[in-house]
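One structure below.
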Amino acid sequence: MRLDESTDEDEIYLFERVVVHLQSRHMYSQDDAVALVNGYYANFTDHTFCERFNIPVQSVEFFCHIEAVSMADRVHYYQGLGHTPDEQAFVEWQRRFEKLRD
């Protein structure tokens, strides 16, 4: 996988796992999953993008804290489904999604 913006090995390893979870949990092809990850990373590490939505810029510490499965859900929600950044709406969606999976 090629993470367009990062050379950090921990970040790349995490997002490789995110791609796998996007494929298994949300049924994306590998190419689509990689494109979504790169789009998410470009947006949520960009100061201008984050400032526009009044959210903090995300970092490797944030990504690693969230872990791969939840990051896959975030990438799907924001990039795949095209929702605007809103943490509360995401959390509510993720809860509903997990209930449907049970």
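Readers should treat all values here as calculations from the given coordinates under stated rules, not as data from a laboratory. Computed from a predicted structure; not experimentally measured. Every residue, glycine among them, receives a Cβ derived from its backbone with ideal geometry; neighbour counts consider all protein chains shown.
Brief remarks on what is shown
- Nitroxide proxy distance, nm - points 7 Å out along Cα→Cβ at Phe53 and Glu16: 2.7
- Unit charges on C-beta of K, R, D, E only; dipole of segment 9-101, Debye: 480
- Calculated P(r) tail over 24 Å for the chain, as whole % of Cα pairs: 16
- Neighbour-limited loop hits for chymotrypsin sites (Phe, Trp or Tyr not before Pro), segment 27-80 (at most 15 other Cβ within 10 Å; DSSP other than H, G, I, E, B): Phe53
- Averaging the Cα positions of each part gives two centres, and for segment 11-55 and segment 87-102 these lie 18 Å apart.
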